[in-house]
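Mind having a look at this structure? Questions to follow.
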Amino acid sequence: SRRWRDEECPKVYRASMQFLVEKYIGPSILQRELQRMRKNRKVFGSMNVTSSTISREVSAEYFQDDFTLRVSISIPAAFPLQKVSVDCSKTLGVPEKLLKRWSLQIMMMLNNQGGTRQDALLLWKDNVDKEFEGVEPCPICYSVLHVKTHKLPSLQCKTCSHRFHGDCLTQWFKNSGKSQCVLCQQSWQGTRV
């Protein structure tokens, strides 16, 4: 819908469309999704999730080792025409680079992949678990678990030993027009692990 508005919708209708989404569509989508999350609380396990239709925010706390990890997802009034924002900065003791990567994963899933808040939080939790187990994320999508397939990186470059998701690597080769490793830029000679 965002792409259609930006590329196809006549400019004369954009303000009306924005009003329609803010007034009727956005609140309906948000309310329905938050009700579904409240009904399915058990799927979150030990992760504490709170949400509000008034503040348009979903927050989660997850305890891993000695850390309390926090994420907050803010949903704009004109969602899905406007993108959600994610804040992981309230987590102490975790490197900023990792917090940014987690935020990016959630934003990619919600803004580009069409995922739900519940899907994004569960993927975030699973990625956190895998990272604390020592699994390295894919250097293309920055995620341990692939956003769509939920698979671990399984293709390893024989030169630099970095691991990639098969889907990410295929897309990289297709978009770049090259058959070289993303990181070391050597001709791809990988192996499945």
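Given the pairs Lys83/Lys151; Lys11/Lys148; Lys100/Lys148; Lys100/Lys151; Lys90/Lys125; Lys125/Lys174, which span a C-alpha to C-alpha distance of over 23 angstrom in this model?
Over 23 Å apart, Cα to Cα: Lys83/Lys151; Lys11/Lys148; Lys125/Lys174.
Same structure again: Report, ordered by chain and residue number, the lysines lying within cross-link reach of Lys178, taken as a straight Cα distance under 23 Å and ignoring same-chain residues fewer than 8 apart.
Lys158
Roll a 1.4 angstrom probe over the protein heavy atoms and tell me the percent of accessible area of the range 37-193 that is carbon or sulfur.
Numbers: 4140 of 8480 Å².
Whole-percent figure for carbon plus sulfur exposure: 49.
Let me ask something else. Using the scaling law 2.2 N^0.38 Å as the reference, what is the normalised Cα Rg of the range 60-113? Let's see the in-between values first.
On the way: Rg = 12.1 Å, N = 54, 2.2 N^0.38 = 10.0 Å.
After normalising by residue count via 2.2 N^0.38 Å, the value is 1.21.
Which residues in the range 136-150 place their backbone N less than 17 Å from a point set 7 Å from the Cα of Lys97 along the Cα-to-Cβ direction?
So the set is 136-144.
Still on this structure: In the P(r) worked out for the chain, what percent of Cα pairs fall beyond 24 Å?
48 percent
Here is a further query. Roughly speaking, what is the centre-to-centre gap between the range 101-150 and the range 11-89 when only Cα atoms are used, to the nearest Å?
16 Å
Which Cα, out of Gln18, Ser46, Val71, lies furthest along the positive dipole direction of the range 2-128 (beta carbon charges, K/R +1, D/E -1)?
Gln18
Ordering Trp172, Trp124 by how much accessible area each has at a 1.4 Å probe, largest first, what is the list? Mind showing how you got there, number by number?
Values: Trp172 85, Trp124 5 Å².
Highest to lowest solvent-accessible surface, that is Trp172, Trp124.
Here's something else I'd like to know. Between Cys160 and Asn112, how many nm apart are label points set 7 Å from Cα along the C-beta direction?
1.8 nm
Here's something else I'd like to know. How do 75-87, 11-23 rank on mean C-beta neighbours within 10 Å, highest first? Walk me through the numbers on the way to the answer.
Values: 75-87: 18.6, 11-23: 12.6.
Going from most to least packed, we get 75-87, 11-23.
Still on this structure, please answer the following. According to the Cα gyration tensor, what semi-axes, each the square root of 5 times an eigenvalue, does the equivalent ellipsoid of the range 16-124 have, listed from largest to smallest in whole Å?
Working: eigenvalues 126, 51, 24 Å².
Equivalent ellipsoid of the range 16-124: 25, 16, 11 Å, largest first.
The values are calculated or read from the model by the stated rules, or taken from the named source; none is laboratory data. Keep in mind the model is a prediction, meaning the values are calculated, not measured. Every residue, glycine among them, receives a Cβ derived from its backbone with ideal geometry; neighbour counts consider all protein chains shown. Heads up: the accessible areas ignore ligands, DNA and RNA and are worked out on the full protein's heavy atoms, side chains in. Shrake-Rupley method; radii C 1.70, N 1.55, O 1.52, S 1.80 Å.
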